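Encoded as structure tokens, the structure appears first; notes follow it.
No lab work stands behind these numbers, since they all come straight from the coordinates. Just so we're clear, the structure is a prediction, and the values are computed from it rather than from any experiment. All Cβ positions, even for glycine, are placed from backbone atoms using ideal geometry, and neighbour counts span all protein chains on display.
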Amino acid sequence: MAKGNKYQKPKNTKATFLRLLAYLGKSKFLLLLVFAMVAVSSVSVIIGTSYIKTITDDILLPIIGQKITKELMRPLLLTLIKLVAIYGIGLLGSYAYSRIMLQVSQNTLHTIRRDLFNHMQDLPIRFFDTHTHGELMSRYTNDVDTLRECISNSFVQLVSSVISVAGTFIMMVSLSPALTGFVMIMLAVSFVAVGFLGKRSAKNFREQQKCVGKVNGYIEEFIEGQKVVKVFCHEGIATNDFNTINQNLRRASTNAHTYASILMPIMGNISYISYAAVAMFGSMLIIAIPETSFFAITVGTLFAFLSYTKQFFQPITQISQQFNSIIAALAGAERIFEIIDAPVEEDEGYVTLVNAKINADGEIGESSERTGVWAWKHPHRDGTTTYTEWRGEVRFENVTFGYTEKKTILKNITLYANPGQKIAFVGSTGAGKTTITNLINRFYDISEGKITYDGINIKKIKKSELRRSMAMVLQDTHLFTGTVRDNIAYGRLDATDEEIIAAAKLANADSFITRLPDGYDTVITGDGSNLSQGQRQLLSIARAAVADPPVLILDEATSSIDTRTEHLIELGMDKLMEGRTVFVIAHRLSTVRNSNAIMVLERGEIIERGDHDDLIAQKGKYYQLYTGQFELD
Amino acid sequence: MKTFFRQTKGYRLVSLLSPLLILVEVILEVRIPFVMSDLVTYGVQGNAGFDYVLREGLKMILMAFVSLVAGALAARFAAVAGMGFGSNLRSAVFEKIQNFSFANIDRFSTPSLITRMTTDVNTIQMAYTMAVRVVVRSPFMFAMAFYYAHKINADLANIFIFAAPALLLLLGGMALIALPRFKKLMKKYDGLNSSIQETLINIRVIKAFVRARHEKDKFQLSNDELRDASISAEKLLILANPFMQLTIYVCIVLVFWFGGKLVIGGTMEIAKLTAFINYITQILMSLMMISMIFVMAIMSRASLTRVIEVINEKPEIDDSGADPSLKVADGSIDMENVCFKYQKNGQKNVIDNINLHIKSGETIGIIGATGSAKTTLVSMIPRLYDATEGVVKVGGRPVSDYTLQNLRNEVAMVLQVNLLFTGTIEDNLRWGNENATQDEIENACRIAQAHDFILSLPDGYKTELGQGGVNVSGGQKQRLCIARALLKSPKILILDDSTSAVDTATDAKIREGFKENHGDVTTLIVAQRISSVEHADRIIVLDDGKIDAIGSHEELLGTNKIYTEVYTSQQEGSEK
């Protein structure tokens, strides 16, 4: 499970960190302002604390026992007014940096999300074959989430802690080097504790994430298969197995949380031990050392120093608590960058599809208007441009292809489809039917051979133009959240209402759409779950119909749909196929039978070809398939 | 709430020990500044002397040390308690779901059950762990610090009577405005995620129609909205700290002023003033923690409700009223005036007054359009659903007379949506019979026409299947599922559209195998294909939850309109 990686160590911490900084650096000015404000806020706290000494030593101690008058109280009043001013500035600083940092971090996350999404849209299909949806989704959910925590809290805290620790240290040294030396010893002790706990914490968190992955995987699998569990009375065994892995998770997470949450009381109390020890040694210094000595301190100094001692340990505790989150965030950032760095779908094509007009003498020229006639615009290296009429003729010449170098899926495929012809592919699962259709629109690029479209090598055609010139109806119909109208218009975004309705009518979808509560404005939710499988298929046919290209790639559905809807789909498909070049992965015998050519595929090779009557006469594999002796899967 | 406390079982002692240790820690933490002030007052400013300072100082260090041990132990116990509770809760929910009937599962839906068991349980577990530590710590810290502040000077402590409500008011007001904004933010967040998910599912459609630009524009819009919603919600949250600081600062300045007067007047020692200032932070910080607990409680309440809903759900079908010693006598099935609807207050019966008598050993085909309730009808035989009205009998006794275990061991059903689980093929087959011998397994696979293809796999019966049986084809999966059901050696076998991806020839071989080896088993075949049912002893034609006709293929063909229609349309495809 992808989630299991959450607490893995980043592989290249430094590079990832710098790259993250570069993202933040996009708002350089604001970031500087944040640092300045953090400094204002931290320094104001440090200076504020020093007033304990001033008020104790210089104001209160000398006048104890005197009668309170306005005159006597004036120095205290003035000092307190100064203190109010310092605190006020600190307060403003602390609000300002939080507010600006919120803007900076949200902008940064916004940019990262945008880069991630936009890049993903440009990645080749191959990428999506090798990454599961869950894995990719967890980039947006888990990884961006941990980043958010890190960017909005950890960065500021890091800066503020460094300033606070440094500032407090300076103040402590200036107050009493002797006591400071003592606090440093306690600091060393606390570092040992943090190091010890931190190491174990990270290890245990990884162990915990592993167990979480296992438990979640088990839950998903068994709750999805719950009905099977019930039918086989498997409940007892399932519960026992679950309890075992659940106990493992409990042990691992107890350890992980122990180390993570024990840090706070340990660090907090080390600071109290320091406080107590400073109070004791400080008092001894005051009593035992003559006032003239270098080590001598006053009561006010002791009070201020005690406050600084507490302030000194606080940021260190905070940083050590952030440690896990920073590591997790960097690991997450690394995974995000991995996707952003994945190579995009290459497109070296330069042939485009343009509106054309054909002169009386058959010469083709470009037109700026919509003419209904299209042509391939083919610029040549010598500066000339030729136009080829768009007809929809596709040829495969000795095409060989494999998804990986090791395993060849298609071997030496040669076939052609003239404009308006219907080519059917039949064969068992894994024979390479879908692969052939994936090559025509260049979801994958072939390793050997040549595919031409209207005589042009498809590698020369711009991918977007190539795909625009053909429509696909896929086996599993997936729809988008939005209205029925939006979903049909996905085929051609600028389609008018009339065109959409015409397409729906052609696909036989109009009658069920108009019966929906809001007709064409009915909102489809969650991948069309409020429509039946058959209705979704009808919509996807309408979607292809509105695109209206001369080439159609059709992957017929195998799922069992009741006879009436099946019949509607059949009619819709037949109408859609009229007058187009069609490549169809056929599961229905009627589709196969009506095809101009049938290619029977086995293990990546065309073993039989011809029309229905030819193939039946051959009494080969097709004959067996047709008479139901083999699976048409 | 009772449900909730039941899950603390086994961890109640640590759940209590942790807060107790925290009490010790808090008392010591609050006491230390007070001791310090005595130390300075009597030891430094008074004349109690060096020994006093040493004695009191060491006492203080010891206190801090004890506090460290108490705090560390409390943290450990809180982790044990919290994770133990979470684990109990998870097990309880899982066990509960194991007892769910199909109707219970349908009501919650599978994805919702998964979310409840993962995300929701985790949220509750985190809240519980926090609660064990903070719920006690903060109020007690508040009380103790206030007590010592009061002890130092009662008048000066009055300052908190104003400061505390003021801070609560500020934080409360902030939370009140922020909560609806956070709810909106969560919606935007979910929306963004589901639209990303959608583009992942649809990536081939997007690429085929060249709509990357369109999707990017759509995403930009939701991404902007998410950012704006985040800022609008969080800009309130970031006020918490400044509010807190403001209150602390105001208190410090006031304490310096009024406390200063008291010090000058001689009614308060100067060291006590410093200790008092220490208490300001402790009191107000614990107040802020208390308000955070409230926010967390509100946030986790939704998760808690969702999980408790599952735990408190009453399984619709259980063994009450069953006789554990009763075994299924034979494979006869009788339905008397059976009606069924999925919702109790539903308008229309899905199954409407069905009367049916099937003799032991008969083979029955069931055919009908989608929505004609074929699956529902056969689901009532192994009691996956209970009839709303009427009686379903197996072996001459109402199904509710048998325990579910006894009934389902004799009534094997191959579901329409069937699944294999992670593990080897053999592991999966053994679901049917744990103690099956290799011969029995192979025999079942031969009948289900799965043996040959299993042997052609690299590891044969030991081949590992991915989750959901991903590395076998649809037809192969169906044959494995049939073999798995056959291994139960049931008296009744129900195949719910279980050979839809299997070719007709193999389909026929499977049926032949049944006849040869399990001739005495009552077999019910639900199918779309006429060829799957035409050789059955009798065929039931279902239409809209009613029996339209029963009869053999020859009897129905030509006389029954629906049957003839389906037959003709399927023949069109294969002959001509």
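Points to keep in mind about this one:
- Estimated purely from DSSP H runs of n ≥ 4, each contributing -39500 (n - 2.57), the mean residue ellipticity at 222 nm for chain B is -20500 deg cm²/dmol once divided by its residues.
- Remark: for residue pairs B:K344/B:K488; A:K14/B:K235; A:K407/B:K462; A:K214/A:K411, the C-alpha separation exceeds 29 Å in B:K344/B:K488; A:K14/B:K235; A:K214/A:K411.
- For the protein assembly as shown, with +1 on Lys and Arg beta carbons and -1 on Asp and Glu, the positive-most of B:T499, A:T79, B:I298 along the dipole: A:T79
- With Cα atoms defining each centre, the stretch B:345-361 and the stretch B:58-127 are spaced 45 Å apart in the structure.
- Among B:V307, B:N355, B:A322 the positive-end extreme of the charge dipole of the stretch B:279-359 (Cβ point charges): B:V307
- Cα-based helix-to-principal-axis angle, A:70-121 vs chain A, degrees rounded to 10: 20
- Of B:T247, A:T514, B:T41, the sequence from fewest to most neighbouring Cβ atoms within 10 angstrom is A:T514, B:T41, B:T247.
- Considering all C-alpha pairs of the stretch B:13-56, those separated by over 12 Å amount to 64%.
- Inverse mean reciprocal Cα-Cα distance (Kirkwood Rh) of the stretch A:190-239, Å: 13.4
- Under the convention that each Lys and Arg Cβ holds +1 and each Asp and Glu Cβ holds -1, the size of the dipole of the stretch B:154-267 around its Cα centre is about 540 debye.
- Long-range HN-HN contacts of B:G390 with modeled amide H, under 5 Å: B:C339
- Phi-derived couplings, Karplus 6.51 cos²θ - 1.76 cosθ + 1.60 at θ = phi - 60°, listed residue by residue for the stretch A:209-223: 5, 4, 5, 4, x, 5, 4, 4, x, 5, 4, 4, 5, 7, 6 Hz, with x used for Gly and Pro.
- Per-residue Cβ neighbour counts within 10 Å put B:I27, B:I161, B:I367 in the sequence B:I161, B:I27, B:I367, beginning with the fewest.
- Within chain B: Cβ-based charge dipole about Cα centre, in debye rounded to nearest 20 (Lys, Arg +1; Asp, Glu -1): 2620
- Once C-alpha pairs closer than 8 Å and six or more residues apart are averaged by separation and normalised to the residue number of chain B, the relative contact order reads 14 percent.
- Among the trypsin sites (Lys or Arg not before Pro) found in the stretch A:364-440, those both in a DSSP coil and sparsely packed, with 15 or fewer other Cβ atoms within 10 Å of their Cβ, are A:R370, A:R381, A:K406, A:K407.
- FRET efficiency, 1/(1 + (r/R0)^6) with R0 41 Å, evaluated for B:I201 and A:E448 via beta carbons: 0.80
- Gyration tensor over alpha-carbon atoms, the stretch B:154-267, equivalent ellipsoid semi-axes in Å: 55, 11, 8
- Counting beta carbons within 10 Å around each of B:D334, A:D574 and listing the fewest first gives the order A:D574, B:D334.
- Helix axis angle, A:563-577 relative to chain A longest principal axis, alpha carbon, degrees: 80
- Taking only the Cα atoms of chain B, the ratio Rg/Rh comes out at 1.18, with Rh defined as the Kirkwood radius.
- Per DSSP, loop chymotrypsin sites (Phe, Trp or Tyr not before Pro) in the stretch A:278-365 with at most 10 further Cβ within 10 Å: A:F294
- Integer Hz, Karplus 6.51/-1.76/1.60 couplings in order for the stretch A:232-240, x for Gly and Pro: 9, 6, 8, 4, x, 5, 4, 5, 4
- Simple label model, 7 Å out from Cα along Cβ direction - A:E605 to B:K344, nm: 6.6
- Loop sites in the stretch B:512-573: GluC sites (Glu not before Pro), DSSP, at most 16 other Cβ within 10 Å: none
- Between the listed residues A:I524, A:I500, A:T434, the Cα displaced farthest toward the positive end of the dipole of the stretch A:422-541, a dipole computed from Cβ unit charges relative to the Cα centre, is found at A:T434.
- Counting every C-alpha pair in the protein assembly as shown, the share spaced more than 58 angstrom apart comes to 33%.
- Helix-derived mean residue ellipticity, 222 nm - over chain A, DSSP H n ≥ 4, -39500 (n - 2.57), to 500: -19500 deg cm²/dmol
- Dipole magnitude of the protein assembly as shown, debye to nearest 20 (Cβ charges: Lys/Arg +1, Asp/Glu -1, about Cα centre): 4960
- Neighbouring partner chain Cβ atoms per residue of A:137-147, average, 10 Å criterion: 2
- Estimated inter-spin distance, A:T404 and A:S367, nm [label 7 Å along Cα→Cβ]: 5.1
- Averaged over B:499-511, number of beta-carbon atoms from partner chains that fall within 10 Å: 3
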